[in-house]
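Step one of this worksheet: look at the structure below.
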Amino acid sequence: MRSDVYERVVAFSKTEECQHGLGEYERHFVKASLQDFERAGLALSSEDSAELQRLLEEDSKVCSAYGKNLGGDATKLLFAPEELKGCTEDFIKERLGKDVEGKCTISLKYPDIIPIGQTCEVAETRRLVSEAREGMNAYKNNLELVAEGVQLRKQIATLLGYPSWAEYICTKRMSGSFQAVDEFLTNLQTKLEAAGKDDYETLLQLKRDQCKDMDIVFDGKLNAWDTGYYGNELLKSKGVDSEKIREYFPLDHVVSTTMEIYQELLGLTFTELLQGTYWSWHKEVRCFHVKDTASDNSIGHFYLDLHPRDGKYGHAAIFHLVKHNSTHGAVDCMLCNLPASTEGKPSLLRHQNVVTFFHEFGHIMHGLCSEGIGNSTRLAKCPRDFVEAPSQMLENWCWQKSILERLSKHYQTGVKLPDAMLNDMIQAKHVNVAFGSLRQIYLSRLDLEIHGPHPPKTAEELQSLVDKLRPAITLVENPPGNNMLRTFGHLMNQYSASYYGYMWAEVLSADMFATRFEKEGVMNPKVGMDYRKMVLAPGGTHNITDHLTKFLGRPPSNEAFLKSRGIL
């Protein structure tokens, strides 16, 4: 940023024209400009400004090295088929003999580790996979890089006059301060603890019973590698068989139907471009043109990059490649790591994969549907504690019977998800939800702790923090030497000190869905257009709470969220 421009903005902000002659919208951008300049160090002395740039560059290098360790990981675990007992026959067959005769090759990518964590009956296999992702040999020196990164961010915050990186970040969020986030998480944890302990005991009893049936020693506790497996066992006891359900969600049908639903709901038209007519970084990447249906005006384009490959970013995420302006629309990209089709069998998605795809596509719509000159600038970034809310709200569509009937189509017979399976799945939506919410609170607390006034200085201090914090909140002990900070990529990018935003946004998303769509119809085009114009179109401009109040007809409330968690 240029200091001469900052000085001119400061001078203009003090003029009569700025203070009394501008509209509210324009004054917002003058204020936002000044904040951006000052948070970038333009108000510092030349010496401090140079030091700030050095620290920012060092932090960027650390985060880049961390990301390369994640993206470049080539770990291969070898298991005999019997060590993967409980996983589907297809899962085992697809991985058998790839590298060693008679052994299944397992990577640390989601299409491999999630099925093992949820369905493999062999606890030792689940433990080894967990250790490969979080243990002392996982992802090279990532834990040391986290320690280095949080120290650099603390120095940056101090130089800019903030007591911590967390405070520096929160002052630009909806929350407004670290104190507000601390009170939010404390209040939520207090309300969830009793139900979370009940959920824990339910899972523990399942483990006790299964150990007795299988004639193996029961160790009296839920281990970190047990929670996903027994959570899935609990769903099965409620009639929800995730592997059977996969057969009704072939990827191609889910993708095309999801896009149909979004087009109907938001009044948009998507047209896929022919391969070779657009720039691309891989042959599997698809590109779509988006228009407003009523006016036929072009809005922008989006890319879909759906399958894992070596060196690719390992999570689901959206990247805003180009902001819109007066000459062209926005261009966004959606990256996922969904399983690819194999010879003779299409890619089949777990219902959670369907939810993830629906969620991430909501981010694409948020980026493309933003309007106004303000959203063409970097000043219009949505606060991180709101940006997830629109997509989280849209996850609710994946639990509505009418929508599930559209999204499902058996890969062999073409029939929809049977009513019995569908109803069991919907009824089980909130099974174990308090226990899962406590885990989200733990991750949020961990993020804020390492970005607090006294961040851990070494990998050893980070280990001590995780060993202490995890059981205190989640009720599950941290395995010796394991540390999920080695793979917690959110905290080494733009989500640092912002992970709490997922929970914060869930409160807002529950309110939006219950107040408008649940009452007036999930495919009601009027509500859909209100949502597009009142929530998505403003993007990151002005006051987000004001936009929500207009859409809801009142200020936001946490009542719907608490009801959805069984707290009210």
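The values are calculated or read from the model by the stated rules, or taken from the named source; none is laboratory data. What you are looking at is a predicted structure, and each value in this text was computed from that prediction instead of being measured. Don't worry about glycine lacking a Cβ; one is built from the backbone with ideal geometry, like all the others, and counts go over all protein chains shown. Heads up: the accessible areas ignore ligands, DNA and RNA and are worked out on the full protein's heavy atoms, side chains in. Shrake-Rupley method; radii C 1.70, N 1.55, O 1.52, S 1.80 Å.
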Along the range 84-93, what does the Karplus equation 6.51 cos²θ - 1.76 cosθ + 1.60 (θ = phi - 60°) give for ³J(HN,Hα), rounded to whole Hz, x for Gly and Pro?
10, 3, x, 6, 5, 4, 5, 4, 5, 4
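Enumerate by residue number the trypsin sites (Lys or Arg not before Pro) in the range 90-175 meeting two conditions: DSSP loop (anything except H, G, I, E, B), and at most 15 other Cβ atoms within 10 Å of the site's Cβ.
On the way: sites: 93, 95, 98, 103, 109, 126, 127, 133, 140, 153, 154, 172, 173; in loops: 98, 103, 109, 140, 172, 173.
Here the sparse-neighbourhood loop sites are 98.
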Rounded tilt (10° steps) of 351-369 against the dominant C-alpha axis of the chain:
10
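Run lengths n ≥ 4 of DSSP H only: what is the helix-derived mean residue ellipticity at 222 nm for the chain, with -39500 (n - 2.57) per run over all residues, to the nearest 500? Please report the intermediate quantities before stating the final value.
On the way: 23 runs with 288 residues, N = 568.
After summing the helix terms and dividing by the residues of the chain, the value is -16000 deg cm²/dmol.
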Expressed as a rounded percentage, what relative contact order does the chain have, with Cα pairs under 8 Å and six or more residues apart?
18
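Using a Förster radius of 35 Å, what is the FRET efficiency between residue 309 and residue 272 based on their Cβ-Cβ separation? Nearest 0.05, please. Don't skip to the end; give the middle numbers.
Details: r = 21 Å, r/R0 = 0.61.
For R0 = 35 Å, the calculated efficiency reads 0.95.
For the chain, give the share of DSSP beta bridges that are antiparallel, in percent and rounded to the nearest 5; count only bridges with both residues there. Before the final figure, lay out each step's value.
Working: 22 of 29 bridges.
Antiparallel bridges make up about 75 percent of those DSSP assigns within the chain.
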Under the rule rounded for a/c under 1.5, else prolate if a/b exceeds b/c, else oblate, using alpha carbon gyration tensor axes a ≥ b ≥ c, the range 352-483 is classed as oblate
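Going by a ≥ b ≥ c, the root eigenvalues of the Cα gyration tensor, does the range 233-312 fall in the rounded group (a/c under 1.5), the prolate group (a/b larger than b/c) or the oblate group? Present the calculation step by step, with values, prior to reporting the outcome.
Working: a/c = 3.48, a/b = 1.53, b/c = 2.27.
Verdict is oblate for the range 233-312.
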Sulfur and carbon atoms: percent of accessible area, the chain [1.4 Å]:
51
Can you work out the Karplus-derived ³J(HN,Hα) for every residue in the range 213-225? Use 6.51 cos²θ - 1.76 cosθ + 1.60 with θ = phi - 60°, whole Hz, and x for glycine or proline.
5, 8, 6, 10, 5, 8, 8, x, 8, 8, 8, 4, 7
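Sorted by accessible area (1.4 Å probe), largest first, how do 313, 248 line up?
From most accessible down to least: 313, 248.
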Between helix 46-71 and the chain, what is the angle of the helix's C-alpha long axis to the longest principal axis, kept within 0 to 90° and rounded to the nearest 10?
20
Give me the percent relative contact order of the range 248-318, please, defined on Cα pairs under 8 angstrom at least 6 residues apart.
21
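Efficiency by 1/(1 + (r/R0)^6): what FRET value for residue 419 and residue 282, r their Cβ-Cβ distance, R0 = 56 Å, to the nearest 0.05?
On the way: r = 40 Å, r/R0 = 0.71.
Efficiency for this residue pair is about 0.90.
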Can you compute 3J(HN,Hα) from phi for each residue in the range 404-416, using the Karplus curve 6.51 cos²θ - 1.76 cosθ + 1.60 with θ = phi - 60°, rounded to whole Hz and x for Gly and Pro?
4, 5, 7, 6, 9, 6, 4, 5, 9, 9, x, 7, 6
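Roll a 1.4 Å probe over the protein chains and send me the accessible area per residue for the chain in Å². Walk me through the numbers on the way to the answer.
Numbers: 25950 Å² over 568 residues.
Result: 46 Å² of accessible area for each residue.
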Please give the solvent-accessible surface of residue 269 in Å², to the nearest 10, using a probe radius of 1.4 Å with every protein chain present.
50
Probe 1.4 Å, all chains present, heavy atoms only: residue 60 accessible area in Å², nearest 10, is 70
Check residue 330: other-chain or 5+ apart residues with amide H under 5 Å from its amide H, H built from backbone geometry?
301, 324
Go through 39, 2 and list them by solvent-accessible area, largest first, probe radius 1.4 Å.
2, 39
Return the lysines within reach of residue 526: Cα separation strictly under 22 angstrom, same-chain partners fewer than 8 residues apart disregarded; answer none if there are no such residues.
291, 401, 550
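Is the shape of the range 129-203 best called rounded, prolate or oblate, per the rule: a/c under 1.5 gives rounded, else a/b larger than b/c gives prolate, else oblate, with a ≥ b ≥ c the square roots of the Cα gyration tensor eigenvalues?
Working: a/c = 4.09, a/b = 1.12, b/c = 3.64.
Since a/c reaches 1.5 but b/c is at least a/b, the shape of the range 129-203 is classed as oblate.
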Can you grab the distance from the C-alpha centre of the range 249-281 to the C-alpha centre of the range 1-65, Å, no decimals?
39
Selection of trypsin sites (Lys or Arg not before Pro), the range 503-549, meeting DSSP coil and at most 13 other Cβ within 10 Å
none
Give me the number: length gained by fully extending residue 75 to residue 410, i.e. 0.36 nm times residue separation minus the C-alpha to C-alpha distance, one decimal in nm.
117.2 nm
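Hey, what did the range 219-364 get for relative contact order, percent, Cα under 8 Å, at least 6 apart? Kindly include the intermediate steps, with their values, before the conclusion.
Details: 199 pairs, mean separation 31.8, N = 146.
For the range 219-364, the relative contact order is 22 percent.
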Amide H proximity to residue 98 below 5 Å, modelled H, separation 5+ or other chain, gives 105
Could you let me know the centre-to-centre spacing of the range 75-142 and the range 495-538, using Cα atoms, in angstrom?
37
